Amino acid sequence: MSGDYFGDQLTDYERQILDNIERHGCHVTCVFDPDDNDVDFSYSAGFTYSLNQGEVIVFGLSRELMHSMVNEVMRQCRDESLVLSDGLSISGLIEGFDVIARIIPPQNIKREFFNSAMWHHLGRFGDGLSVAYQLVWPGAQQGLFPWEEGCHEDVIALQPPLYRTSLNS
């Protein structure tokens, strides 16, 4: 379990976050709207502490797949020395396709998307979370990413861009 900097008044969920980070290197939070008005997403807490890298978030796929993607990025960073960077192509997350990591500007790292990661970062480091990456996947039919011309509208709609919308921006 983690140190005293989080205090004695932890909720069961906060204890679970800290335990998962200590045991596995990260905690994955899956956020979903039971009414299907908002896109589902999953994000990490603990990448900064365990790997000295930014947290990651992925939108618009099944909870199981997004959870698996976050854990696989953690594994590749830890076991294969993967270093996250803007525009990095990552294999092994979705069968048959690479995923692209996109840096999220600090002003887009918001509580609505990174609540547990921000809580953990503040408790662990005493300041705000400032580095995170969005894992962006291509459409299965065309293999195009949301920023590419001809990308299917559903692929774009399922991945709200927290990143700058051009690889060259």
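The values are calculated or read from the model by the stated rules, or taken from the named source; none is laboratory data. Because the structure is predicted, anything quoted here is derived from the model rather than measured. In this analysis, Cβ positions are derived from the backbone assuming ideal geometry, glycine residues included, and neighbour counts consider all displayed protein chains.
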(request) Take residue 87 and decide whether it is closer than 20 Å to residue 131 by Cβ, in contact with a strand residue (DSSP E or B) (Cβ under 7 Å, 6 or more places away or on another chain), surrounded by fewer than 19 Cβ atoms within 10 Å (Cβ to Cβ) and at pLDDT 95 or above. (result) yes
(message) For residue 147, only one of the following conditions fails: (1) more than 20 Å from residue 67 (Cβ to Cβ); (2) in a loop (DSSP other than H, G, I, E, B); (3) of a type outside the set (Ser, Thr, Tyr); (4) touching a residue at least 60 places away in the same chain (Cβ under 8 Å). What is its number?
(response) (4)
(request) Answer yes if at least one residue in region 123-142 is exposed (fewer than 14 other Cβ atoms within 10 Å of the Cβ), more than 18 Å from the chain's Cα centre (by Cα), of a type in the set (Gly, Ala, Ser) and under 26 Å from residue 48 (Cβ atoms), and no otherwise. (result) yes
(request) Considering only residues that are among the acidic types (Asp, Glu) and touching a residue at least 12 places away in the same chain (Cβ under 8 Å), look in region 24-72 and name the one that is nearest to residue 145 (Cα to Cα). (result) 40
(request) Run residue 110 past the list (1) surrounded by fewer than 21 Cβ atoms within 10 Å (Cβ to Cβ); (2) of a type in the set (Lys, Arg); (3) within 11 Å of the chain's Cα centre (by Cα) and report the number of the one that doesn't hold. (result) (3)
(message) Any residue that is within 10 Å of the chain's Cα centre (by Cα) and under 16 Å from residue 115 (Cβ atoms) - is there at least one of those in region 72-82?
(response) no
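Could you tell me whether any residue of region 92-107 is within 13 Å of residue 54 (Cβ to Cβ), in contact (Cβ under 8 Å) with a residue 40 or more places away in the chain, loosely packed, with under 15 Cβ neighbours inside 10 Å and not hydrophobic (A, V, I, L, M, F, W, C)?
yes
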